[in-house]
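> Before anything else, here's the structure in question.
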Amino acid sequence: MIDDTPTPLGPQTDMTVAPLGAADADAPTRAGFVALIGEPNAGKSTLLNRMVGAKISIVTHKVQTTRARIRGVALEGQSQIVFVDTPGLFRPRRRLDRAMVAAAWGGAADADMVVLLIEAHRGLTEGVEAILESLRGHVGHAMRVVLAINKIDRVKAEVLLALTEKMNAAFPFERTFMISAERGHGVPVLKAWLAGEMPLGPWLYPEDQIADLPMRMIAAEITREKLTLRLHEELPYQLTVETEKWEDRADGSTRIDQIIYVLRDGHKGIVLGAKGVTIKGVSTAAREELTTFLERPVHLFLTVKVRPNWLEERERYSEMGLDFNDGAGHDSTS
Ligand SMILES: Nc1nc2c(ncn2[C@@H]2O[C@H](COP(=O)(O)OP(=O)(O)OP(=O)(O)O)[C@@H](O)[C@H]2O)c(=O)[nH]1
Ligand SMILES: [Mg+2]
């Protein structure tokens with residue numbers, strides 16, 4: 001349920017902007033990119049999905065779920081807002097981590113507006129401080145940054161006011177918004193404000209387009225979400241899913257073949273589970289979601305392949321929508 005109840009706001013907040021309504025039909029169109037950045041688990045993908053009104057980006061309770069930039073398109077009055085979901089920003093260790101963090105900063109650099117999401121109950125963490133440090137280098141160089149304090153359903157109002165002050169003392173945010181991406185609180189206010197800030201210009205996508213990534217990638221992401229939810233510890237971070245074949249059949253159904261790449265034989269056994277119970281659960285859950293998404297019956301065929309070096313293979317990165325070369329280099333936080 002979307003709840004538009006305004007939440008208490010601190011300094012530099014803006015509740016006065018009303019959504020652009022149908023009455024503005026003669027107003028000039030606006031269109032632009034809004035990058036959602038933040039620590040892993042901040043709720044970026046949840047917010048993207050809510051802004052767009054459909055599940056485009058996968059969500060789990062675990063960190064580092066999103067791996068690449070995912071674009072979702074939202075309309076608000078005469079404005080088209082292209083939200084760019086990004087991987088969480090953290091201290092990268094592996095090539096994959098570095099490529100993910102580079103993709104996130106790339107998304108921010110290319111956007112008309114950056115929304116930094118933080119978690120209300122965690123506040124100004126070391127990870128957030130590291131992000132602010134990187135952002136400081138960009139401010140004044142055309143990067144516009146607003147703060148969205150997310151998960152306000154988890155804290156009391158006093159906590160929010162104190163956190164707003166602390167965050168705005170630490171960084172010159174243009175605005176502060178308080179939201180619950182999951183429940184919808186404050187999201188319409190943020191959306192309306194962003195809509196008014198988008199540059200004047202023609203829309204970038206057709207009116208009915210809500211996502212800008214290939215269906216086969218969305219399908220692979222759905223399966224990866226189900227795997228991540230069922231597998232423990234490091235395993236979700238050591239596998240990748242690719243859609244190998246896609247066949248829209250004459251009978252109105254779709255056959256999708258996917259490969260799950262894992263690093264070791266032992267991982268394959270865990271992904272399959274005793275008597276195949278794990279992979280069956282994953283397959284059923286993914287097929288159900290795909291059927292809803294595609295609005296047609298789906299036959300999903302999953303194969304698990306051991307590929308000890310997939311984390312170092314260029315092709316795997318292009319399949320994920322990441323730049324292999326971005327993963328080269330040393331540890332860094334930005
Ligand atoms: N209580 C509460 N939980 C939320 C809210 N928004 C998101 N979550 C939960 O936070 C967890 C992480 O959400 P995601 O949207 O996957 O977070 P993310 O920032 O995309 O994470 P990465 O892709 O790992 O960087 C999920 O369990 C969400 O259900 C919120 O407003 N309130
Ligand atoms: Mg995400």
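The values are calculated or read from the model by the stated rules, or taken from the named source; none is laboratory data. Everything numeric here is computed off the predicted structure, so don't read it as measured data. Methodologically, a virtual Cβ is constructed for each residue, glycine included, from the backbone with ideal geometry; neighbour enumeration extends over all protein chains shown.
> Mind listing just one residue for me: the one in the stretch 74-93 that is more than 15 Å from ligand 1 (Cβ to nearest atom) and surrounded by fewer than 23 Cβ atoms within 10 Å (Cβ to Cβ) and, of those, nearest to the chain's Cα centre (by Cα)?
Checking each candidate, the answer is Val82.
> Is there any pair linking a residue in the stretch 258-280 that is free of Cβ contacts under 8 Å to residues at least 24 places away in the same chain to one that is surrounded by fewer than 17 Cβ atoms within 10 Å (Cβ to Cβ) and not basic (Lys, Arg), with Cβ under 8 Å and at least six apart or on different chains, and which?
Matching pairs, first to second residue: Gly273/Gly281; Lys280/Gly273.
> Same structure, new question: Specify the residue that is farthest from the chain's Cα centre (by Cα); the eligible residues are those in the stretch 185-225 that are assigned to a helix (DSSP H, G or I) and among the β-branched types (Val, Ile, Thr).
Only one residue tops the list, namely Val189.
> List every residue pair whose Cβ atoms lie under 6 Å apart, where the two residues are 6 or more positions apart in sequence or sit on different chains, the first residue falls within the stretch 39-57 and is in the same structural domain as Ile131 (by TED's automatic domain parsing), and the second residue, located anywhere, is within 11 Å of ligand 2 (Cβ to nearest atom) and acidic (Asp, Glu).
Lys44/Asp85; Ser45/Asp85; Leu48/Asp85; Ser57/Asp85
> Scan (1) touching a residue at least 40 places away in the same chain (Cβ under 8 Å); (2) in the same structural domain as Arg307 (by TED's automatic domain parsing) for the single condition Arg249 breaks and write down its number.
The number of the failed condition is (1).
> Follow-up question, since we're still on this one. Out of all the residues in the stretch 205-256, which are surrounded by fewer than 12 Cβ atoms within 10 Å (Cβ to Cβ) and either in contact with an Asp or Glu (Cβ under 9 Å, 6 or more places away or on another chain) or of a type in the set (Val, Ile, Thr) (or both)?
Scanning the stretch 205-256 gives Lys245, Glu247.
> Taking the condition of being within 15 Å of ligand 1 (Cβ to nearest atom) and in contact with a Lys or Arg (Cβ under 8 Å, 6 or more places away or on another chain), how many residues in the stretch 107-126 meet it?
7
> Please pick out the residue among Phe90, Phe83 that is more than 9 Å from ligand 2 (Cβ to nearest atom), aromatic (Phe, Trp, Tyr) and part of a strand (DSSP E or B).
Phe83
> When the residues of the stretch 43-62 are filtered to those that are in a loop (DSSP other than H, G, I, E, B) and out of contact with any helix residue (DSSP H, G or I) (no Cβ under 9 Å at 6 or more places or on another chain), which remaining residue is nearest to Glu119 (Cα to Cα)?
Gly43
> Looking at (1) farther than 28 Å from Pro206 by Cβ; (2) out of contact with any helix residue (DSSP H, G or I) (no Cβ under 8 Å at 6 or more places or on another chain); (3) surrounded by fewer than 18 Cβ atoms within 10 Å (Cβ to Cβ); (4) among the small types (Gly, Ala, Ser), find the lone condition where Gly123 falls short.
(2)
> A follow-up question, please. Would you please name the residue that is surrounded by the most Cβ atoms within 10 Å (Cβ to Cβ), looking only at residues in the stretch 148-184 that are touching an Asp or Glu at 6+ places or on another chain (Cβ under 9 Å) and not in a loop (DSSP other than H, G, I, E, B)?
Taking the candidates together, the pick is Asn150.
> Every residue in the stretch 21-70 that is near ligand 1 (Cβ under 8 Å from one of its atoms), over 21 Å from Ala192 (Cβ atoms) and out of contact with any Leu (no Cβ under 7 Å at 6 or more places or on another chain), please.
Pro40, Asn41, Ser45, Ile58, Val59, His61, Lys62, Val63, Gln64, Thr65, Thr66
> Determine, yes or no, whether Asp153 is under 29 Å from Tyr317 (Cβ atoms) and touching a residue at least 12 places away in the same chain (Cβ under 8 Å).
For Asp153, the condition - under 29 Å from Tyr317 (Cβ atoms) and touching a residue at least 12 places away in the same chain (Cβ under 8 Å) - is not met.
> Quick check on the stretch 61-72. Is at least one of its residues within 21 Å of Ile179 (Cα to Cα), of a type outside the set (A, V, I, L, M, F, W, C) and more than 11 Å from the chain's Cα centre (by Cα)?
yes
> What is the number of the single condition among (1) touching a Ser or Thr at 6+ places or on another chain (Cβ under 8 Å); (2) surrounded by fewer than 23 Cβ atoms within 10 Å (Cβ to Cβ); (3) of a type in the set (D, E, K, R) that Asp112 does not meet?
(1)
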